[in-house]
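Right, one structure below, let's go through it.
Bear in mind that the values in this text are calculations on the coordinates, not laboratory data. Just so it is clear, the structure is predicted and the values come from calculations on it, not from any experiment. When we count neighbours, we look across all protein chains shown, and the Cβ atoms used for this are built from the backbone with ideal geometry, even at glycine.
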Amino acid sequence: MANQLLMPKATAVWLVDNTAMSFDQIAFFCHLHPLEVRAIADGESAQGIKGMDPITTGQLTRDEIARAESDPNYRPKLSEPKVRIPEKKRRGPRYTPLSKRQDRPNAILWLVRNHPELKDAQISRLVGTTKSTIEQIRNRTHWNSANLQPMDPVTLGLCSQIDLDLEVQRASRGAPQQQGADETLLPASATETLPFGEGGAPAEEESEKELDAEAVFAKLSSLKSADPDEDGEDQNR
C-alpha cells in the first residue's frame, strides 16, 4: 500500500506556522503547488483549517525538519508508517477444496432445478465452476449426467446459506411478478362495450330479473289452479 500524507492542507498550515521550511519544500512534502503554499502563508487560502502536526501523527520527524531548514535544496521525506495495512485483495473465483470438487456437479444440478431464476454467473460464484460446465448440466450433456444427483450446496459446504439467499434475492428482483387470472382486471375497452339497461344495470342482469319475475308469477298461478276443491269448499261455507 502506498504511503500517503494525511490532510495535506492542514499539514501545510502547521509547517508554515511552526517551521522555517521554504514554500517549495512544504509544497513538495504536502503535494501542493508552491503558489498555494504561498497563499496559505499570506492568509488567502485554507482559512479556518486547523494545522495538523505531522510529528504527532508520525509522518515527519524533527530531524527531517531540521535538515530541511538547514538546506533549502533538501526535500523532506515522509516517514514509514509503524502500522501497515495490507492491500485489499481482488475477489477472484471461489476456491473449492479438492475433496469437494467432485460434488460440484451435484450442487449445480440442485441449483438448476430448485432455483431456475439463477443466472450462470451467480451459480459460478456460489459453487466455483465454469459456465460451460453449468451449460452441460442444464442440457444433460455432461459426461456423468446419468449418475448425477441433486444435492444442496450448503449441505455440501460449497457455499453458505447467506450467500445462497443473497443470490436468490438478487435474481428475484429482476423477475416479473406473476398475477393470477382472477386478480387481473378487464381492460377499459372491454368494459365500455357492455350494453346497459335502465338504472345503469347491465342488460343481461335486467333480463335475468324479468325472467325470474315471470317464473314467480307462473308458479303462483299454478298453485291456485292446483287447489280447485279448496276454493269450492270456501264458497259453500
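Kindly rank 144-150, 29-35 from highest to lowest mean number of other beta carbons found within 10 Å of each residue. Could the numbers behind the result be given before it?
Values: 144-150: 11.3, 29-35: 16.9.
With the highest mean Cβ count within 10 Å placed first, the list reads 29-35, 144-150.
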**Message:** Applying a 10 Å radius around every beta-carbon, put 124-135, 11-22 in order of their mean neighbour count, most first.
**Reply:** 11-22, 124-135
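Could you calculate the contour length gain from Asp152 to Ser222, that is, 0.36 nm times the residue separation minus the distance between their Cα atoms, to one decimal place in nm?
On the way: separation 70, 0.36 × 70 = 25.20 nm, distance 7.31 nm.
Stretched out fully, the Asp152 to Ser222 stretch lengthens by 17.9 nm.
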